[in-house]
1. Among the residues of the stretch A:47-68, which ones are away from every other protein chain (no Cβ under 11 Å) and either closer than 16 Å to residue A:251 by Cβ or touching a residue at least 24 places away in the same chain (Cβ under 8 Å) (or both)?
2. Among the residues of the stretch A:123-150, write down those that are within 13 Å of another protein chain (Cβ to nearest Cβ) and either aromatic (Phe, Trp, Tyr) or within 30 Å of residue B:60 (Cα to Cα) (or both).
3. Taking the residues in the stretch A:36-46 that are in contact (Cβ under 8 Å) with a residue 24 or more places away in the chain and among the aliphatic types (A, V, I, L, M) as candidates, determine which candidate is surrounded by the most Cβ atoms within 10 Å (Cβ to Cβ).
4. Among the listed residues A:53, A:38, which satisfies the condition of being of a type in the set (S, T, N, Q), at positive phi and outside the structural domain of residue A:157 (by TED's automatic domain parsing)?
5. Give the residue that is modelled with the lowest pLDDT, with candidates limited to residues of the stretch A:328-367 that are over 30 Å from residue A:318 (Cα atoms) and either β-branched (Val, Ile, Thr) or not in a helix (DSSP H, G or I) (or both).
6. How about the stretch B:6-64: which of its residues are assigned to a loop (DSSP other than H, G, I, E, B) and over 30 Å from residue A:172 (Cα atoms)?
7. Provide a single number: the residues in the stretch A:181-202 that are assigned to a loop (DSSP other than H, G, I, E, B) and closer than 14 Å to residue A:288 by Cα.
8. Scanning the stretch A:183-202 for residues that are under 12 Å from the mean Cα position of the chain (by Cα) and of a type in the set (A, V, I, L, M), which turns out farthest from the other protein chains (Cβ to nearest Cβ)?
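The values are calculated or read from the model by the stated rules, or taken from the named source; none is laboratory data. These numbers were taken from a predicted model, which means no experiment stands behind them. All Cβ positions, glycine included, derive from the backbone under ideal geometry; neighbour counts span all protein chains shown.
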Amino acid sequence: MYVAVKGGERAIENAHRLLAHERRGDRDVAEVTLAQISEQLALGVDRVMTEGSLYDRELAALAIKQARGDMIEAIFLVRAFRATLPRFGATEPVNTGEMQVRRRISSTFKDVPGGQILGPTFDYTHRLLDPQLAEGFVPEQPAIAEASQAATPRVTDILGRDGLIEPSPQADGDAPVGDLTREPLSFPADRDLRLQNLARGDEGFLLALGYSTQRGYGRNHPFAGEIRFGEVEVEFFAEDVGFAVPLGSIELTECQMVNQFKGSTSEAPCFSRGYGLAFGQSERKTMSMALVDRALRAGELGEEVGAPAQDEEFVMSHSDNVQSTGFVEHLKLPHYVDFQSELGLLRKLRQEFAEANEAVEMQEAAE
Amino acid sequence: MSLTGPDSKQAQRKAAMTVLAHSAAADIAGRLAAIAVPSHQNLREPENGLVMLRGRIGGDGAPFNLGEATVSRAAVRLASGEVGFGYTLGRDAHKAQMIALCDAMVQSAALSGEVETKVIAPLRVAMNAERARKAAESAATRVDFYTMVRGEG
């Protein structure tokens, strides 16, 4: 139990003043700007937007600056900010099939229609620190080539045409889309809620769980059917306007995992799938998300359930790093009253123990 | 769809809104400065808010809530009566107001030609050029993997 404390105002004020000073660092070193963070630490901004669950590059950059680069603190700040604005409604679902593709790879088909586009990637780099980047490095202009006009259908759509992969579940008529920011979680949770939870879940947590499925804790034999990153258009049905208005575009990463077959006496075997979607270029996040999404479907697909990644309540209750850090970090707040009562109890128990021992010793001496 | 009916007007408004939402506020302001902006008033004061962005399970299935985005919106009425709406991602209320103003002008028989040629069209050229630049950069990274032993796939 936590009992409130009073006092310490002056010390707290001065501690925050010291924090602001330390945040600024050496004042002879130029201050970092939001544009610099957004442009040059772009993947950090993408992560804060994804897990902060708010698409706004500038706010995410501000959060990273304010949090001194502590990503979970930055995510916390963004989550708190979103509570200050009214919600106008929900957008039309984005169409990732019409993404303006910046990167698109498949580990299952080398000749995928629309082609494989590496885009800006760390893949195939040697992971050697580059001293040139330390200061004043001016990169070459990117190479250009004639862009193909061919469509880039999702790999899963291509497999789906031949019935080789299970179709995506379709919307259930008028059933509302689950929203865990409006209703508290309850179990079992439908897949829409699970995906929302995973989308804002901690990358490290999902990465570890995804990895655990590969190592045998709920294995489901994945292939990265497709990973794509690029811009998608967003539309919002505005009642006052009377039609779906374009809001502009956002950057998204999508991962389609293709997993081992399912089938029965009545249904032909086909690949099953796991899905990942996140803001910005968030490849590790979407791959991990897709692995865990698929693992959480074990029960639905008639697989043995037992591994941590297959336990919906375990995964969804511990994926949110703002919740996790809140509960872990609250331990450092004053718990004096709590501790005093524990201390009182412990002293009493020790006294009883000592008295009992004394009585035994006296009895032994008398005998 | 008829070329003059309400559907084509709606398509024209939507096409203009797409270009404007993709453009930087400073670029829209620069283009608007080149035309005589009609007198107008705010029907709704520009305001910031959120929309819940939705994806689809598997990319093509039932919708799910991915996360929110900041949005700014505004509505203006021209002295001649047309009501325009402005919606854009981000928190730039002035941009939303300029989009609303353009939307009202697009609906005005007297002004739609000028706003199309002097504001929307040049912004569309810039938007398409930016898209083409990105597509050309991506195309240069297109890869042809080949398997060492030629097989089925």
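1. Passing the criteria: A:47, A:48, A:61, A:62, A:64, A:65, A:66, A:68.
2. Within the stretch A:123-150, A:123, A:124, A:146, A:147, A:148, A:149, A:150 qualify.
3. Only one residue tops the list, namely A:45.
4. Just one listed residue meets the conditions, A:53.
5. If we take residues in the stretch A:328-367 being over 30 Å from residue A:318 (Cα atoms) and either β-branched (Val, Ile, Thr) or not in a helix (DSSP H, G or I) (or both), then A:367 is modelled with the lowest pLDDT.
6. B:23, B:24, B:33, B:34, B:35, B:36, B:37, B:38, B:39, listed by residue number.
7. So the answer is 3.
8. My answer is A:198.
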